[in-house]
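The values are calculated or read from the model by the stated rules, or taken from the named source; none is laboratory data. Please read all numbers here as calculations on a predicted model, not as lab measurements. For neighbour counting, all protein chains shown are included, and Cβ atoms are generated from backbone atoms with ideal geometry for every residue, glycine included. These accessible areas exclude ligands, DNA and RNA; they are computed on the full protein's heavy atoms, side chains included. Shrake-Rupley method; radii C 1.70, N 1.55, O 1.52, S 1.80 Å.
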Amino acid sequence: MSEMENIRKEYEGNVLVCKLVGEPQADAPLSFPQIDSIGDVELKDNLLRAINNLNLDHVDSGLFQLGKIFETELKEFLIHAKSKNAFPVSNNDLDRLANMIDCIVRNKIITQVNHLSLLREHRNERAHGHIPNLLERQKLMQYAPFLGDLYINYIILINEKRLKL
């Protein structure tokens, strides 16, 4: 390891710690370039606000915001579909996020149930779970690029489907 140029050795107390030189900073902003393709200015602004919170101090808030945007877009899509009689949407389908997801799966609008369930579970955890401590926020930051990407891709997909109705 002493010959590797990208490794820095430091002592923390009497423990030798090796660190990668040039490793990404914990507060480096996450990038989601697919947002640039969104024509809806308000949606784009809301997404940018949410991803600006995907940092160590506010990752739980950023993921919660993405979950709310996802839920809002899904509800707007279903309301629009109901008004156009595009497919069956009951009032019960609009009550809860789980019901909304069941409706779009039942009508074969989106078939990746596992993705939608994951997003629903994370949205519920952010909405109803406890405020995470530093260690929990660090773990959330590890998953933030994946979850953010998944939320944003489905938000864009649902928004595009609504506009096509």
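If the condition is being at pLDDT 95 or above and either among the polar types (S, T, N, Q) or within 17 Å of I155 (Cβ to Cβ) (or both), then the range 125-137 contributes only N133. P132 fulfils the conditions (1) assigned to a helix (DSSP H, G or I); (2) in contact with a helix residue (DSSP H, G or I) (Cβ under 7 Å, 6 or more places away or on another chain); (3) not β-branched (V, I, T) except for a single criterion, (1). Applying the condition of being hydrophobic (A, V, I, L, M, F, W, C) and within 19 Å of the chain's Cα centre (by Cα) to the range 105-132 and asking which residue is most open to solvent (accessible area, probe 1.4 Å) yields I131.
Within the range 83-104, the residues that satisfy the criterion of being touching a residue at least 12 places away in the same chain (Cβ under 8 Å) and surrounded by 13 or more Cβ atoms within 10 Å (Cβ to Cβ) are A86, F87, V89, D93, L94, L97, A98, M100, I101, C103, I104. Just one of (1) surrounded by fewer than 14 Cβ atoms within 10 Å (Cβ to Cβ); (2) charged (D, E, K, R); (3) in contact with a His (Cβ under 7 Å, 6 or more places away or on another chain) fails for R162. It is (1). If you check N46 against the conditions, is it surrounded by fewer than 20 Cβ atoms within 10 Å (Cβ to Cβ), within 14 Å of the chain's Cα centre (by Cα) and outside any helix (DSSP H, G or I)? Against the criterion (surrounded by fewer than 20 Cβ atoms within 10 Å (Cβ to Cβ), within 14 Å of the chain's Cα centre (by Cα) and outside any helix (DSSP H, G or I)), N46 does not qualify.
Taking only the range 105-119 into account, find how many residues are assigned to a helix (DSSP H, G or I), within 30 Å of D60 (Cα to Cα) and without any contact (Cβ under 8 Å) to a residue 24 or more places away in the chain. Residues meeting the conditions: 4.
Scanning the range 51-82 for residues that are crowded, with 17+ Cβ neighbours inside 10 Å, among the hydrophobic types (A, V, I, L, M, F, W, C) and either without any contact (Cβ under 8 Å) to a residue 60 or more places away in the chain or assigned to a loop (DSSP other than H, G, I, E, B) (or both) returns L54, L78. The residue that is nearest to I35 (Cα to Cα), among those in the range 137-153 that are open to solvent by less than 60 Å² (accessible area, probe 1.4 Å) and more than 9 Å from the chain's Cα centre (by Cα), is M141. Residues of the range 1-43 that are at pLDDT 90 or above and either under 15 Å from I156 (Cα atoms) or not in a loop (DSSP other than H, G, I, E, B) (or both): F32, P33, Q34, I35, D36, S37, I38, G39, D40, V41, E42, L43.
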